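Computed from the coordinates by the stated procedures, all read-outs in this text should not be read as laboratory data. What you see is a predicted model, and the numbers here were worked out from it, not measured in a lab. Note that we place each Cβ from the backbone using ideal geometry, even for glycine, and neighbour counts take in every protein chain shown.
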Protein chains: 2
Amino acid sequence: MVSSDPSYHTVPTMAKSSTHFHRSKTSIFLSDGCLFLGGAFSALLIVGVFFSFTTPIPSNIPNLGSVTTNPDLRLDPPDRTFYDDPEMGYTMEKKVHNWDKKREEWLKHHPSFAAGAKERIMTVTGSQPKPCKNPIGDHLLLRFFKNKVDYCRLHGYDIYYNNALLHPKMFGYWAKYPVVKAAMLAHPEAEWIYWVDSDALFTDMDFKLPLERYKDHNLVVHGWPRLIHEKRSWTGLNAGVFLIRNCQWSLDFMDVWASMGPQTPNYEKWGKTLRSTFKDKFFPESDDQTGLAYLIAIEKDKWADKIYLESEYFFEGYWEEIKVSERYGELREKFVRGGDEVVGRLKRPFITHFTGCQPCSGDHNHMYSADACWNGMLRALNFADNQVLRPHGYMHPDLGDNGVTPIPSDYPPP
Amino acid sequence: MVSSDPSYHTVPTMAKSSTHFHRSKTSIFLSDGCLFLGGAFSALLIVGVFFSFTTPIPSNIPNLGSVTTNPDLRLDPPDRTFYDDPEMGYTMEKKVHNWDKKREEWLKHHPSFAAGAKERIMTVTGSQPKPCKNPIGDHLLLRFFKNKVDYCRLHGYDIYYNNALLHPKMFGYWAKYPVVKAAMLAHPEAEWIYWVDSDALFTDMDFKLPLERYKDHNLVVHGWPRLIHEKRSWTGLNAGVFLIRNCQWSLDFMDVWASMGPQTPNYEKWGKTLRSTFKDKFFPESDDQTGLAYLIAIEKDKWADKIYLESEYFFEGYWEEIKVSERYGELREKFVRGGDEVVGRLKRPFITHFTGCQPCSGDHNHMYSADACWNGMLRALNFADNQVLRPHGYMHPDLGDNGVTPIPSDYPPP
């Protein structure tokens, strides 16, 4: 399990771990008179001696005295790796080659990351750079982020929150692809990048991703083969939550996938193509979800065997289908069965995704009322939070209210 | 480094890891006729068989097949520990005894947590349950939280964000004490609880807390002995950032410290006492910061030897003193020297704390303009974010703007 972010301590020419802006000591000394020079020098000498005894050495110098059990780049040899190659690029435009070999070499050079390498997950999420239009939008995003941090803490995953628009033309749902790519390249220690939308939360804190199911695949989304290949429905899968393996296949796939985006000259053409292939897609713009469905359906032989359409648990659970208010509010289990979607008797959906609620803009789909969205989110957040609060001795007795009470000592165990 | 939160998997009578609300199978079966019963039973049988092959076993059952390098309670023996004692309590009122022994026993029972136990840090922060009054308040809190998550990821610390009011009468700055206590008790694997206010951020992502300096102490705050013991200034220390050791001394100390709070009958009396002892305290209410200064100054023999007043680096850096706009905006180092506060020639303050800016309520101290606060925060957040973005191949070229650009391949190394 990665505890220290290795990319941060790597000293590549391309990507450094810190931004140092400073004038050299020389210019300060020479630009003043001797008296000031002597005084300054003495002061610096005193402080320097003082700090050499008290201040830890900055972490970009190997510190072999550091007592830590964390995989720590400071203890691994600082050999040149692919990061030193000026051709190496993190942006969507820069094609990356031989990534599998590069990752393998990197792991060889950083043996402290070898343990757990095959299962290491980096969770990535994020939101827009500027404040939300919805007055409670950022508050909701904060709560959804806390939820993800809680889940990752419990399961030993690293998590990275992106709030920068990495490509000026890749807005909205397309914005995640430059982030996922950069995360892959910056984190060769991670086997999987786990993208989770800002409006999705973990509602089963116990549940662990069954990675062994995906050992022969490189991309996992929630979906149903029949709805993609036969019914050609744009909601036959959901692109708001996915697991993508950190490998060359994924980089190549994302190149193709992202080539349907607004930053390319083919954007409008793709909008038309996707809409004519998936007849229930009701908006004209090329979107990543239909794009993915298209690649699975139409470029099947190229990609489909490496893409796992998961439907046996709520890898991504649509909140309306989960009947959030009933499930979480009325303390009752609901057994839902329909078509390809055998949901089963799950007490707690793994992930509940408030698609269509748009917490940040507030521009929710008119199928739902604002109240249904916000109350649903509140209940789901408190439901999840109870699973985290309980070990701390507290709980929300009423999921519709943020108030907490200490857990009574005679409270029955789950 | 804790990867899986152990308290979550402990199965105590007091604090369980999940809230299960369900009707028993029995009531469903008996309440309907035979035909329905048969159909329901068949469906459940099919689904049950299906899930037994596909769904992972819930994590509160030991899963010895799990391949993980994370310290995992599932692999430790499920013996009874102090959590099974119904007298055990997490709230401020419940006195806890023999905590050192209990922690020691817990660690013996959970050998997977032994490695790194002496340095394990749990960072704790948080904010109010409801949306901020300031329209950009939650947005700022979200960014400050992301900053903390970034720092913790890089250094292998767990982080817990609290947004519940655990004691109805302990509001404002007093609200953190029930949270810190609950965190201690719920995380016996953590040697230190590291409280960081919601309006404080890490501006040096490289810097590691020099724990060896504090090996003989139980509480660390930023402060100056002379200002506490001689000048009796309420700002002789700052209680917005502290390291507190997870031990009986700390529980006892917090009992005394919190006894000055609004939940006690002595609250008003303490307000007067603190104000008369620390003459520059200008507001009447008993506050935790002056309370701490009081205990160090007046109950010196009882507590002071275990409390470290750190001033040799920005364990907590007051933003105004750091001259945020100049330091971060004009790319210039500032050498500050004054009295007991020898700050030294630090390129990047470890922590920058926007005391007095009140991002959530927006009710900033009138010493500062709103612009100075918000622009200062923006610059500091982007300054810190650059240290995280760089390894991902991007940076904010202008700290006053959230825009990013890819790092050019010829960009000089730091």
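For segment A:175-214, the Kirkwood estimate of hydrodynamic radius, built from reciprocal distances between every pair of different alpha carbons, is 12.2 Å.
One residue of chain B places its C-beta nearer than any other to the axis carrying B onto A; that residue and its whole-Å distance are B:138, 2.
With its label point defined 7 Å out from Cα along the Cα-to-Cβ axis, residue B:265 lies at 8.3 nm from the matching points of the other copies, in increasing order. The alpha carbons of segment A:117-202 give a radius of gyration and a Dmax of 13.2, 42 Å, in that order. Using the Cα coordinates of segment B:83-315, the gyration tensor eigenvalues translate into equivalent-ellipsoid semi-axes of 26, 22, 20 Å, sorted from longest to shortest. Note on B:143-150: average number of Cβ atoms from other chains within 10 Å of each residue's Cβ is 5. Using θ = phi - 60° in the Karplus curve 6.51 cos²θ - 1.76 cosθ + 1.60, the 3J(HN,Hα) couplings for segment B:356-366 round to x, 8, 6, x, 6, 7, x, 7, 5, 4, 6 Hz; x is entered for Gly and Pro. When peptides B:105-111, A:284-290 are ranked by their average number of other Cβ atoms within 10 Å per residue, the highest-first order is A:284-290, B:105-111.
Modelled label positions at residue A:371 and residue A:105, each set 7 Å beyond Cα in the direction of Cβ, lie 6.2 nm from each other. With label points defined 7 Å past Cα in the direction of Cβ, position residue A:282 shows copy-to-copy spacings of 5.8 nm, given to one decimal and shortest first. Applying the Karplus relation 6.51 cos²θ - 1.76 cosθ + 1.60 with θ = phi - 60° to segment A:178-183 yields 3J(HN,Hα) values of x, 5, 5, 4, 4, 5 Hz, where x marks Gly and Pro. Label point 7 Å out from residue B:173 along Cα-to-Cβ: which residues of segment B:214-242 have amide N under 15 Å? Counting backbone N atoms under 15 Å from the label point, the list is B:221-224, B:228, B:233-242. Positive end of the charge dipole of segment B:271-314 (Lys, Arg +1 and Asp, Glu -1 on Cβ, about the Cα centre): tell me which of B:314, B:297, B:284 has its Cα farthest that way. Among B:314, B:297, B:284, the one farthest towards the positive end of the dipole of segment B:271-314 is B:284.
Counting only other chain Cβ atoms within 10 Å of each residue's Cβ, the peptide A:124-132 averages 3.
Projecting 7 Å from Cα along the Cα-to-Cβ direction, the label point of residue A:98 sits 6.3 nm from its equivalents in the other copies, listed shortest first. For segment B:83-315, the Cβ-based charge dipole about the Cα centre amounts to some 460 debye (Lys, Arg positive; Asp, Glu negative; other atoms uncharged). Global size of segment A:237-322: 13.6, 39 Å for Rg and Dmax (C-alpha atoms, Rg to one decimal, Dmax whole).
Remark: mean inter-chain Cβ contacts per residue of B:165-174 equal 2, using a 10 Å Cβ-Cβ cutoff to other protein chain atoms.
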